[in-house]
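Just so it is clear, none of the values below were taken in a lab; they were calculated from the coordinates. These figures come from a predicted structure and were not determined experimentally. As a convention, Cβ positions derive from the backbone with ideal geometry for all residues, glycine included, and neighbour counts pool all protein chains shown.
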Amino acid sequence: MEAEILKGITIFLLTMVKFIAGPTLGYAAGFSFITTVLITTGGMMASVLLFTYLGTLLREKVLSRFLKPRKLFNKKNRRFVSIWRKYGLAGVSFLTPLILTPIGGTVLVVSFGTPKAKVIIAMLISATFWSVVFTAGIYLLGTAFLEKFIP
């Protein structure tokens with residue numbers, strides 16, 4: 001039982017950083033479909049909540065000590081602005097598990113002053129949707145796909 005809990009916590013923490021870790025490692029650990037979806041969604045939402053509510057504090061107190069000041073107008077910032085203008089909150093939330101990381105998507109959305117409640121709701125919808133889609137894909141195709149690579 002303790003080993004299962006430790007596996008779940010590890011997958012949860014990894015999902016906070018990279019979304020796809022939840023479904024793939026949940027399948028590899030032998031968790032049920034529902035458990036994997038819940039761990040994956042929970043991991044992303046923990047990251048979203050952490051960076052939504054503590055993002056400014058982390059940036060001002062912690063990162064400012066380790067990172068040098070950057071130019072305000074650089075290529076990366078312009079790309080973020082163009083993504084935001086093109087897709088808005090719904091689009092960035094939808095793309096977060098696919099292209100961005102839970103941290104990157106949250107920081108992008110929060111940096112444009114989006115209300116915290118809207119960020120959390122949009123990210124929860126996205127995390128739940130993509131968690132079900134990725135987990136279903138991996139659980140349905142996992143064994144057939146892995147048999148090609150494992151003798």
Taking a crude spin-label model, label points 7 Å out from Cα along the C-beta direction, the Lys18 to Glu2 distance in nm is 2.9 nm
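Return the inverse of the average 1/r over all pairs of distinct C-alpha atoms in the stretch 2-147, which is the Kirkwood hydrodynamic radius, in Å to one decimal. Walk me through the numbers before you get to the answer.
Numbers: mean 1/r = 0.0620 Å⁻¹.
When all Cα pairs of the stretch 2-147 are included, the Kirkwood radius is 16.1 Å.
So if each residue of separation counts as 0.36 nm, and I subtract the Cα-Cα distance between Ala90 and Ile9, what length gain in nm does that give?
Values: separation 81, 0.36 × 81 = 29.16 nm, distance 2.89 nm.
Gain on extension, Ala90 to Ile9, equals 26.3 nm.
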